[in-house]
Amino acid sequence: MTQPQSASAQSVSLFDARPFFEKALIHGVQHGLIDQAKLAAIAEDAPKGMVQIARYFGSEYLRPELEKARDRLVNLISLHLQDASQGDLHAAAVLLRDHSLLSRSKAGSDLLKALIVMPQNTHFGMNERGAFSDRHIPQLARWSLASYADYQAEFLARQHAVQVVEAALWFADQLGLSPDDLQDAEPDAEAVIRTALLLNLTRRKELPDWVTFEKMIAGLRKQQLDAAQLTLPKHLPAAYRTVVEAVRQTVLADWPRLLDARLPARKLFDQTPAFMGRYFWLEDALSEVSQHDRNRSSAWDKLTQGHSDDGTVLTLCLCVAAGSAPKTLLTDKSAAALVRKIRKHGWQPALATQYLQTHAPEQHQDDFIGLWQEFAHEAQATLISDRDSKLLDALALLRRECNVA
């Protein structure tokens, strides 16, 4: 004969699908934390909050938008209460008692805004730095209806990315490279850490260009160092040790191939798919050109990928004048970053002229220099203008004259 389940066993199987806000509110009423005056204040604030939310995401005049705003209001409050109280209904009820309903909705919104601007991955070129802005509103609209479990999962994933990125920034700072430089170079944060660990092993104090990196690998192969010697820096902050140790393990997995003298470094790091972008060195087009191609024309073709149109020349010169690595194609994001760099640190058009004199094919030098100097004269006012705070005019100029994807 089957024994009946106890009351406690039955209660475990129940699933309470009510919003956390509702559960906290009822708990507060039942336990005397929330009185009738507070309930009246909540009832008065709720319609105001619905209208504000509907207006922010669309229109407060459409019934479907108001109904969705009601769901968003309840969900935003629930997200905040569950996160702030760690699921404790008593603590959540106290928060409702001590604060207004609209302030709890705003706290939930602020929670999601902070999440949205966190890095989604560890690639410097694929993450935006800065505060929440209007362009993020569609993401906020989606997340404002998400469950707390979805929020937690996303937060943990992004928190890991934050820790890896911050660890890479710490290593870069120790090696004399700024966050702007990393944003411009667009490496994976793990690649920066892997190279930094090798530099720590070889007692080098600066991030290498390719030529120096290749020499470092040659030195490791010559010495045939034991992988056990690859350790974390003694002064590495404790907050980064876990993520850096995980990256160190990937270097240890690479160790046999790193020390395999039969495989040329160029072939391993530039032609082996699993190793491309896995380690980081500073791009120095000049040293690479001088090392791999003595013919100026062929070197220039390599740098410009065979293109000699005005947009390619101007894009390359603009990067050089701003003190950045030469590129012949910019994304909208990297173009904006370049303009911000110019406005913060200035630019030197003469450097680009010198660059052309040194590296452009002789038969095209005069034309290229004339093109660049005319552009620099006409573009300077727009590129450094304080009135163009949103970069609209500057980006329009670069899209028109340079190669911006």
Practice task
Scan the range 144-157 for residues that are buried (at least 16 other Cβ atoms within 10 Å of the Cβ) and among the charged types (D, E, K, R) and jot them down.
Solution key: Glu154
Exercise for the section: Considering only residues that are under 15 Å from Leu199 (Cβ atoms), assigned to a helix (DSSP H, G or I) and not aliphatic (A, V, I, L, M), look in the range 224-253 and name the one that is most open to solvent (accessible area, probe 1.4 Å). Expected result: Gln229
Fill in the blank from the handout: Picked from the range 377-402 (must be more than 23 Å from the chain's Cα centre (by Cα) and in a loop (DSSP other than H, G, I, E, B)), the residue modelled with the highest pLDDT is Cys402
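Regarding Gly346, is this residue out of contact with any Gly (no Cβ under 6 Å at 6 or more places or on another chain), of a type outside the set (Asp, Glu), on the phi > 0 side of the Ramachandran plot and at pLDDT 90 or above? Before you say what the answer is, go through the steps one by one.
Details: out of contact with any Gly (no Cβ under 6 Å at 6 or more places or on another chain): yes; of a type outside the set (Asp, Glu): yes; on the phi > 0 side of the Ramachandran plot: yes; at pLDDT 90 or above: yes.
Here the answer is yes, as Gly346 does meet what is asked.
Restricting attention to helices (runs of 4 or more DSSP H) lying wholly within the range 42-138, give those where 3 or more residues are within 28 Å of the chain's Cα centre (by Cα).
Numbers: elements: 63-85, 89-98, 101-116.
Once the helices (runs of 4 or more DSSP H) in the range 42-138 are filtered for at least 3 residues that are within 28 Å of the chain's Cα centre (by Cα), what remains is 63-85, 101-116.
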Problem - Hits in the range 189-223 (condition: of a type in the set (Lys, Arg) and in a helix (DSSP H, G or I)) - result: Arg194, Lys215, Arg221, Lys222
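Table: residues versus (1) over 30 Å from Arg343 (Cβ atoms); (2) among the hydrophobic types (A, V, I, L, M, F, W, C).
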{"site": "Val162", "(1), (2)": "no, yes"}
{"site": "Glu206", "(1), (2)": "no, no"}
{"site": "Met216", "(1), (2)": "yes, yes"}
{"site": "Lys222", "(1), (2)": "yes, no"}
Problem - Odd one out for Leu268 among (1) open to solvent by 20 Å² or more (accessible area, probe 1.4 Å); (2) assigned to a helix (DSSP H, G or I); (3) modelled with pLDDT of 90 or more - result: (1)
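Do we have Arg343 as open to solvent by less than 80 Å² (accessible area, probe 1.4 Å), free of Cβ contacts under 8 Å to residues at least 60 places away in the same chain and either in contact with a Phe, Trp or Tyr (Cβ under 6 Å, 6 or more places away or on another chain) or not in a loop (DSSP other than H, G, I, E, B) (or both) here?
yes
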Fill in the blank from the handout: Condition set within 21 Å of Arg142 (Cα to Cα) and out of contact with any Gly (no Cβ under 9 Å at 6 or more places or on another chain), scope the range 16-45, selection surrounded by the fewest Cβ atoms within 10 Å (Cβ to Cβ): answer is Ala17
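So that you can scan it fast, the table gives a plain yes or no per residue for (1) within 29 Å of Phe280 (Cβ to Cβ); (2) among the small types (Gly, Ala, Ser); (3) surrounded by fewer than 15 Cβ atoms within 10 Å (Cβ to Cβ); (4) at pLDDT below 90:
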position: Leu101; (1), (2), (3), (4): no, no, no, no
position: Gly108; (1), (2), (3), (4): no, yes, no, no
position: Ile116; (1), (2), (3), (4): yes, no, no, no
position: Pro119; (1), (2), (3), (4): yes, no, no, yes
position: Gly125; (1), (2), (3), (4): yes, yes, no, yes
position: Arg129; (1), (2), (3), (4): yes, no, yes, yes
position: Phe132; (1), (2), (3), (4): no, no, no, yes
position: Arg142; (1), (2), (3), (4): no, no, yes, no
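The values are calculated or read from the model by the stated rules, or taken from the named source; none is laboratory data. Predicted, not measured: the structure shown is a model, and the values here were computed from it. Every residue, glycine among them, receives a Cβ derived from its backbone with ideal geometry; neighbour counts consider all protein chains shown. SASA here: full protein model, heavy atoms, side chains in, ligands and nucleic acids out. Shrake-Rupley method; radii C 1.70, N 1.55, O 1.52, S 1.80 Å.
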